[in-house]
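Note sheet for the following structure.
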Amino acid sequence: MNHCSPDMKPATQESMPQVGIYECEIKLKFRLIEEDLAHCDRDQLLQILVDAYSYGSDDYLEALQTEVDVHEVSELEASPEMRRQVIRLRNASCLK
């Protein structure tokens with residue numbers, strides 16, 4: 001019987017990854033040769049830039065600086081939708 005409670009954890013649960021909510025900040029600085037980015041809306045521009053950066057440096061992109069900051073936040077800081085999703089994930093891992 002695979003039973004999950006705060007007091008009793010099955011041996012298999014110890015090997016399962018813990019689910020948490022993380023705040024991630026990425027700062028990328030690069031130079032890019034591209035046609036007329038000024039006419040893109042914000043979402044299009046972001047998609048173009050992320051796609052270009054993900055291909056890596058080449059004749060059209062020169063990476064200058066990368067900073068990544070990731071830290072776990074309290075579930076109370078997340079939206080109700082995110083909190084519900086975390087509960088679903090924890091419950092699903094408890095059933096395995």
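As a length-normalised measure over Cα pairs under 8 Å and 6 or more apart, the relative contact order of region 18-95 settles at 50 percent.
Model label sites at residue 32 and residue 76, defined 7 Å from Cα along the beta-carbon direction, differ in position by 3.9 nm. Fully extending the segment from residue 44 to residue 62, taken as 0.36 nm per residue of separation minus the present Cα-Cα distance, adds 4.4 nm. Around the Cα centre of region 18-95, unit charges on the Cβ atoms of Lys, Arg, Asp and Glu (plus for the first two, minus for the last two) sum to a dipole of about 580 debye.
How long is the gain from residue 94 to residue 21 if the chain were fully straight, where each residue apart is worth 0.36 nm and the alpha carbon distance is subtracted? List each step's numbers first, then the result.
Numbers: separation 73, 0.36 × 73 = 26.28 nm, distance 1.80 nm.
Roughly 24.5 nm would be gained on extension.
Rule-based calculations on the coordinates, nothing more; no lab input. Quick caveat, the model's predicted, so the values are computed rather than measured. We place every Cβ from the backbone using ideal geometry, glycine too, and count neighbours over all the protein chains shown.
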